[in-house]
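The values are calculated or read from the model by the stated rules, or taken from the named source; none is laboratory data. Predicted, not measured: the structure shown is a model, and the values here were computed from it. Glycine gets a Cβ as well: all are built from the backbone with ideal geometry, and neighbour counts include every protein chain shown. Remember, those area values only see protein heavy atoms, side chains included, never the ligands or the DNA or RNA. Shrake-Rupley method; radii C 1.70, N 1.55, O 1.52, S 1.80 Å.
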Amino acid sequence: MFLFLISSAGAADDPAAQTNSTPPAAANMQDPAVGDHWTYQVTDEISGKLTATRTVLITDLSKNDVTIRFDIVGNGRSGVIVYDRSWNILSDEAFRYTPNDGTGVRLPLAVNAEWKFTSNSQNSNTGVTFKRSGSAHVIGKETVTTKVGAFDTFIIESKFTERNNRTPSRFSEITQKTWYSPELDHWAKRSLIVRQGGHIIRNDTVELTDFGRKK
């Protein structure tokens, strides 16, 4: 249920095919619109393998939320996620978050800004509930160079614990870093480390490989 990259195996581009010269970023996407889309490559940092290519498309917008469809290239998997306008998750397929999942962006961003969050979630299929609590810290700014260009970003580090309410003594500790680009109104890069019992069980990175607007 860690949204940042709902994992599924899929086709991924060979990183050896990247050129040394990176084109400048094109198109200002500060105001989201239906048809805006982003494509990300998912890398398992433990194995070093590219595990998926994931596309994200805005399908609906309202004053308060953004609906996206995600597709995993190569395996036919897709789904719908609803965010608020600050990119906090409200619902992720079967999961519903109250008030939200807490991993969004709190504007205006500034280095050293900090905030705390708590969240409750429920799987509508199984009835299982979780509690999440943590904090976010804007730890710096960085220019991130991707296949489609270079983007000035704020680095937001979020650390939180998540507990199954049925077994509260067992919990996951999650560290997520988001390289958020105001130009994209999205992330150029994200990383996620999940620990259980103090041991790393997951270490993934997603990186932007394409983006655009409806023609």
What is the sum of charges around residue 163, taking Lys and Arg as +1, Asp and Glu as -1, for the other residues whose C-beta is under 9 Å from the C-beta of residue 163?
+2
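What does the net charge come to around residue 130 if you take all other residues with beta carbon closer than 9 Å to its beta carbon, with K and R at +1 and D and E at -1? It would help to have the intermediate numbers written out before the result.
On the way: positive: 131, 132, 163; negative: 162.
Neighbour charge sum, excluding residue 130 itself: +2.
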For residue 150, what residues show an amide H to amide H distance below 5 Å, using hydrogens built from the backbone and excluding near sequence neighbours?
25
In the structure shown, do any of 147/177; 116/147; 63/131; 63/147; 177/214; 49/214 have a Cα-Cα gap over 25 Å, and if so which?
116/147; 63/131; 63/147; 177/214; 49/214
Sequence-distant residues sharing a close amide H with residue 45 (under 5 Å, placed H)
203, 204, 205
Expressed as a whole percentage, what fraction of the accessible surface of the stretch 137-190 belongs to carbon and sulfur atoms when a 1.4 Å probe is rolled over the protein heavy atoms?
45
Part-to-part distance (alpha-carbon centres) for the stretch 124-147 and the stretch 46-105, which is given in Å:
12
Which of 168, 182, 158 sits farthest toward the positive end of the charge dipole of the stretch 142-215, with +1 on the Cβ of Lys and Arg and -1 on the Cβ of Asp and Glu?
168
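Please give the net charge around residue 64, taking every other residue with its beta carbon less than 12 angstrom from that of residue 64, where Lys and Arg add +1 and Asp and Glu add -1.
Numbers: positive: 63, 85; negative: 60, 65, 84.
So the surrounding residues net to -1.
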Counting Lys and Arg as +1 and Asp and Glu as -1, each charge on the Cβ, what is the dipole of the chain about the Cα centre in debye, to the nearest 20?
600
Integer Hz, Karplus 6.51/-1.76/1.60 couplings in order for the stretch 79-86, x for Gly and Pro
x, 10, 10, 10, 10, 7, 6, 9
Answer rounded, prolate or oblate for the stretch 124-211, using the Cα gyration tensor with square roots of eigenvalues a ≥ b ≥ c: rounded when a/c is under 1.5, else prolate when a/b is larger than b/c, else oblate.
prolate
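Once you order the gyration tensor axes a ≥ b ≥ c over the Cα atoms, which shape class does the chain get: rounded for a/c under 1.5, otherwise prolate or oblate by comparing a/b with b/c? Let's see the in-between values first.
On the way: a/c = 1.40, a/b = 1.33, b/c = 1.05.
Verdict is rounded for the chain.
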